[in-house]
Amino acid sequence: MTVKTALVSLQALLSCPEPDDPQDAEVANMYKSDKAMFEKKAAEWTATYASDKGDTEKLAYLRDMGFPEDKCRSALDANGGDQQMALESLLSG
């Protein structure tokens with residue numbers, strides 16, 4: 001399987017869900033029985049797991065303190081996105 005094939009398959013799953021052949025039975029049941037709740041939960045998960053707003057703000061905060069962007073990204077990654085720990089890492093490194 002190539003990366004292109006995997007991405008096309010993922011795109012197909014996202015654009016046309018298959019609740020009768022689900023990847024996650026609980027989510028499929030919610031999709032079939034309570035579409036409004038499914039959409040609300042999907043929006044919450046998107047905001048929590050697919051949004052980079054918080055990371056962008058953390059990166060800007062560290063960059064504004066005079067650290068190079070690549071070092072800021074590395075520090076955030078190494079510290080699980082924890083801004084304070086990333087700052088301490090940058091200051092000590």
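Largest first, the extents of the alpha carbon coordinates of the chain on the three principal axes equal 53, 34, 17 Å.
Remark: the stretch 3-49 carries a charge dipole of roughly 180 debye about the Cα centre, counting +1 on each Lys and Arg Cβ and -1 on each Asp and Glu Cβ. Using the rule -39500 (n - 2.57) for each DSSP H run of four or more residues, divided by the residues of the chain, the 222 nm mean residue ellipticity is -23000 deg cm²/dmol. Two numbers describe the Cα atoms of the stretch 3-49: Rg and Dmax, which are 11.8, 34 Å. Build a GNM of the chain with springs between Cα atoms under 10 Å apart, and of Ala42, Ala75, Ala12 the one that fluctuates most is Ala12. Per the Cα gyration tensor, the stretch 53-92 maps to an equivalent ellipsoid with semi-axes of 12, 12, 8 Å, ordered largest to smallest.
No lab work stands behind these numbers, since they all come straight from the coordinates. Being a predicted model, the structure only gives us computed values, none of them experimental. Here Cβ is always computed from backbone atoms with ideal geometry, including for glycine, and neighbour counts include all displayed protein chains.
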